[in-house]
Amino acid sequence: MRPRLTRVKSPDVLIAESGADLEGHGLRRSMGLFQLVCFGVGAIVGTGIFVGLSDTVAEAGPATVVSFALAAVTCVLTAFSFAELGGAIPVSGSSYSYAYATLGEGAAFITGWCLLLEYGVSVSAVAVGWGQYLNELLHSVTGWQLPAALSTSPSEGGVLNLPAVVVIVLAATLLVRGVRESARATAAMAVLKLGVLALFCAIAFAAFEAGNLTPFAAHGVAGVTSGASVAFFSYIGFDAITTAGEEVKNPRRTIPLAIMICIGVVTLLYCLVAVAAIGAMSADDVAGKPAALSLIVNRVTDSAVGGGIIAFGAVVAIASVVLAVMYGQTRILMSMSRDGLIPRVFERISPATATPVAGTWIVAAVFAVPAAVVPLDVVLDLTTIGTLAAMVVVNTSVIALRRSHPRLARPFRMPFFPLPPLLGIACCGYLIYGTGAAAWLQFGVFLLVGMGLYAAYGRRHSRLRDAYTTPSGPHQKRASTNSSQS
């Protein structure tokens, strides 16, 4: 069992098998830098800031901006690792592929399993938030709302959350049409939602009251830490950029650049929105309120028109997150399927659309169910801890790859190595601590299920060939050389 768990796949083989330097497995290279940055923004900016802001404020009070900054530091440190790995190994598997190249097959499978939380379960969570703002938009425009029975989960008094299912189906429909169409839609939606958030800041800062920021750290350091763990959900998705490695023009240069631009833009925007929101309305009034940004604009302008515009932006923003995150999930599953660790249906590419049609519809069907019946707060902490665990793996992988393949081409080399990945691991651990014991227990159970699935299916169906493998350790370099020669 141990040799199977620790066998690695050389970066050369990963790149060759994916066709990352050419056209691989029927995928088409159609995304440039602007589209990739918009794709990253599309994957990040959505439920976390439009819906989750009020949850962060409930934990941290006016110090919410510090919580957002702390979460951003964790992302920036890990972004350096993603940028270096994304340029060195430009394939669709993201964290899963990086773990396979450095830590072994067992770690890779568990990383892919954790990514189900970041990409799959978060689709359900994001879709739930979409329904809240859709009702706000309908109310501001028509004065009518969807009945609670069809817009909330059973635990909240409804029958099913129909809007959550609808947005997942719409995203899947667009994804199966082709990556070019999806990229164009995501770019348009990203520009629109950035404009809406900029408009919110302009309106909220016009009513800014410094007194709303005192006492600043009302809940102490523990509140800031807990708030940072909640705020981290707002940044989930930036690593989706690396899942486009086989559909991006010049991926070795474009992927690292897009990651750094995306994180910088989003961090600045989030901090401005947090300060503007609490400055315009006290933290006690913002905390726990659904559709908080619309509520703030309505109070500032004494009209429902402004809030309706914000709600429209949120509907578009959250829809683009569903689209981008579902894209990332299907590409990760495609990479795992190529390696034989999950069923082959996920690797099948339609020759007509150059997309994994069957895998996309399976993802939509599976995650539409929890979106329809599970409230947002139930899955938020579990999604956060799964994402942080995957980021720990990425930071560890970049250190391991520097040691095992020092001569591998790296268009982007992080500064001050190995300090950023080590600090990234520490920050991820700190935020995991802030999620609380209940999330740790849920995540532990989730990991045990993943290990059982690997033992029952993954290790038996792995396609990793002996000529390309070796137990992780001092012989990795020789395996890489042999695979390159072959």
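The values are calculated or read from the model by the stated rules, or taken from the named source; none is laboratory data. This is a predicted model, so every value here is computed, not measured. Don't worry about glycine lacking a Cβ; one is built from the backbone with ideal geometry, like all the others, and counts go over all protein chains shown.
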Determine which member of the set 424, 434, 386, 429 is within 21 Å of the chain's Cα centre (by Cα), over 17 Å from residue 238 (Cα atoms) and surrounded by 22 or more Cβ atoms within 10 Å (Cβ to Cβ). 434
Would you confirm whether or not segment 328-336 contains a residue that is more than 16 Å from residue 179 (Cβ to Cβ), buried (at least 24 other Cβ atoms within 10 Å of the Cβ), under 23 Å from the mean Cα position of the chain (by Cα) and modelled with pLDDT of 90 or more? yes
With respect to residue 77, is the statement that it is assigned to a helix (DSSP H, G or I), in contact with a Leu (Cβ under 7 Å, 6 or more places away or on another chain) and either charged (D, E, K, R) or within 22 Å of residue 432 (Cβ to Cβ) (or both) true? yes
Those residues of segment 389-420 which are in contact with a Pro (Cβ under 8 Å, 6 or more places away or on another chain), farther than 30 Å from residue 125 by Cα and surrounded by fewer than 23 Cβ atoms within 10 Å (Cβ to Cβ) amount to 399, 402, 405, 408, 411, 412, 414
For segment 363-384, check the following and say yes or no: at least one residue is of a type in the set (Gly, Ala, Ser), within 30 Å of residue 246 (Cα to Cα) and in contact with a Lys or Arg (Cβ under 7 Å, 6 or more places away or on another chain). no
Only one of (1) closer than 23 Å to residue 192 by Cα; (2) surrounded by 24 or more Cβ atoms within 10 Å (Cβ to Cβ); (3) not aliphatic (A, V, I, L, M) fails for residue 54. Which number is that? (2)
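For every residue, the table says whether it meets (1) buried (at least 24 other Cβ atoms within 10 Å of the Cβ); (2) charged (D, E, K, R); (3) farther than 30 Å from residue 84 by Cα.
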position: 208; (1), (2), (3): no, no, yes
position: 239; (1), (2), (3): yes, yes, no
position: 265; (1), (2), (3): no, no, no
position: 305; (1), (2), (3): no, no, yes
Filter segment 91-111 for residues that are out of contact with any Ser or Thr (no Cβ under 8 Å at 6 or more places or on another chain) and of a type outside the set (Val, Ile, Thr); which is surrounded by the fewest Cβ atoms within 10 Å (Cβ to Cβ)? 107
Within segment 358-372, the residues that are buried (at least 18 other Cβ atoms within 10 Å of the Cβ) and touching a residue at least 40 places away in the same chain (Cβ under 8 Å) are 360, 363, 364, 367, 368, 370, 371, 372
Would it be correct to say that residue 474 is outside any helix (DSSP H, G or I) and either modelled with pLDDT of 90 or more or closer than 16 Å to residue 104 by Cα (or both)? yes
Single match in 464, 382 (criterion: at pLDDT below 90 and outside any helix (DSSP H, G or I)): 464
Within segment 219-234, does at least one residue satisfy the condition of being surrounded by fewer than 23 Cβ atoms within 10 Å (Cβ to Cβ) and touching a Cys at 6+ places or on another chain (Cβ under 8 Å)? no
Which residue out of 358, 438, 409 is more than 18 Å from residue 94 (Cβ to Cβ), among the aliphatic types (A, V, I, L, M) and in a loop (DSSP other than H, G, I, E, B)? 409
So residue 120, is it modelled with pLDDT under 85, under 20 Å from the mean Cα position of the chain (by Cα) and part of a helix (DSSP H, G or I): yes
Screening 311, 324 for residues that are aliphatic (A, V, I, L, M), more than 30 Å from residue 105 (Cβ to Cβ) and either under 24 Å from the mean Cα position of the chain (by Cα) or surrounded by fewer than 24 Cβ atoms within 10 Å (Cβ to Cβ) (or both) leaves only 311
